[in-house]
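Only one structure is covered here, and it is reproduced in the block below.
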Amino acid sequence: MLTLTEKARDQLRGAMAEGLFEAGRLRVFIDHRCHCGKAHFSLAIDDTIHPGDTTFDISEIPFVADAPTSAELPLVEIDFAETIWTRGFTVKNTSHQCGHTMVA
């Protein structure tokens, strides 16, 4: 299953408490594949579960992923980063270091 850091968990629980995605789940998906074939992942709020999707909860936070993404979930790490330039969730492939996705 994917890894959710403590910072990300706390931020997501806060968002849930505020009702920001009460009807949906966080969809983890393959955003694109790098030139070397490694997946880059992203997040979105989705209130639709499609045939073949896998639903799961981590720390009581609801997630969903399609079949191709589900097979690669052990590679996904979701964190929350705050820097002078950005503030948001990062979604990275732990087996690939060419970059990551920042979700504001």
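What follows draws every value from the coordinates through simple rules; no lab data is involved. Quick caveat, the model's predicted, so the values are computed rather than measured. Every residue, glycine as well, gets a Cβ built from its backbone with ideal geometry; the counts of neighbours run over all protein chains shown.
Taking 35 Å as R0, compute the FRET efficiency from the Cβ-Cβ separation of Ala67 and Thr94 and round it to 0.05.
Computed FRET efficiency for Ala67 and Thr94 comes out at 0.95.
Pick the calculated Rg and Dmax of the Cα atoms in Å for this structure from [x] 12.8, 35; [y] 13.3, 41; [z] 19.5, 72?
The value computed from this structure is option [y].
Sort Lys92, Lys7 so the one with the fewest other Cβ atoms within 10 Å of its own Cβ comes first.
Going from sparsest to densest Cβ surroundings: Lys7, Lys92.
Quick check for you: which residues of the stretch 63-81 have the amide N under 12 Å from the point 7 Å beyond the Cα of Thr55 toward its beta carbon?
Counting backbone N atoms under 12 Å from the label point, the list is 63-65.
Can you tell me the dipole magnitude for the chain around its Cα centre, using point charges on the Cβ only (Lys, Arg +1; Asp, Glu -1), in Debye to the nearest 20?
I would put it at about 360 debye.
Taking the Cβ of Leu12 as the center, what net charge do the other residues with Cβ under 12 Å away carry, scoring Lys and Arg +1 and Asp and Glu -1?
-2
Please compute the modelled spin-label separation between Ala23 and Thr86, points set 7 Å along Cα→Cβ, answer in nm with one decimal.
Rounded to a tenth, the inter-label distance reads 3.0 nm.
Listing Leu73, Leu4, Leu12 from the residue with the fewest other Cβ atoms within 10 Å to the one with the most, what is the order?
With the fewest neighbours first, Leu73, Leu4, Leu12 line up as Leu73, Leu4, Leu12.
Taking H as built 1.01 Å from N, whose amide H comes closer than 5 Å to the amide H of Ile58, not counting residues under 5 places away?
Here Phe63 satisfy the definition.
Using θ = phi - 60° and the Karplus curve 6.51 cos²θ - 1.76 cosθ + 1.60, what whole-Hz ³J(HN,Hα) does each residue of the stretch 5-11 get, with Gly and Pro shown as x?
6, 4, 4, 5, 4, 4, 5
Which of the listed residues, Gln11, Ser95, Leu43, is farthest toward the dipole's positive end in the chain, when Lys, Arg count +1 and Asp, Glu count -1 at the beta-carbon?
About the Cα centre, the residue reaching furthest to the positive side is Ser95.
Could you work out the local net charge near Ile30, counting Lys and Arg as +1, Asp and Glu as -1, over the other residues with Cβ closer than 9 Å to its Cβ?
-2
Would you calculate a helix-derived [θ] at 222 nm for the chain, using -39,500 (n - 2.57) for each DSSP H run of n ≥ 4 and dividing by the full residue count, to the nearest 500?
Only helices count here, giving -4000 deg cm²/dmol.
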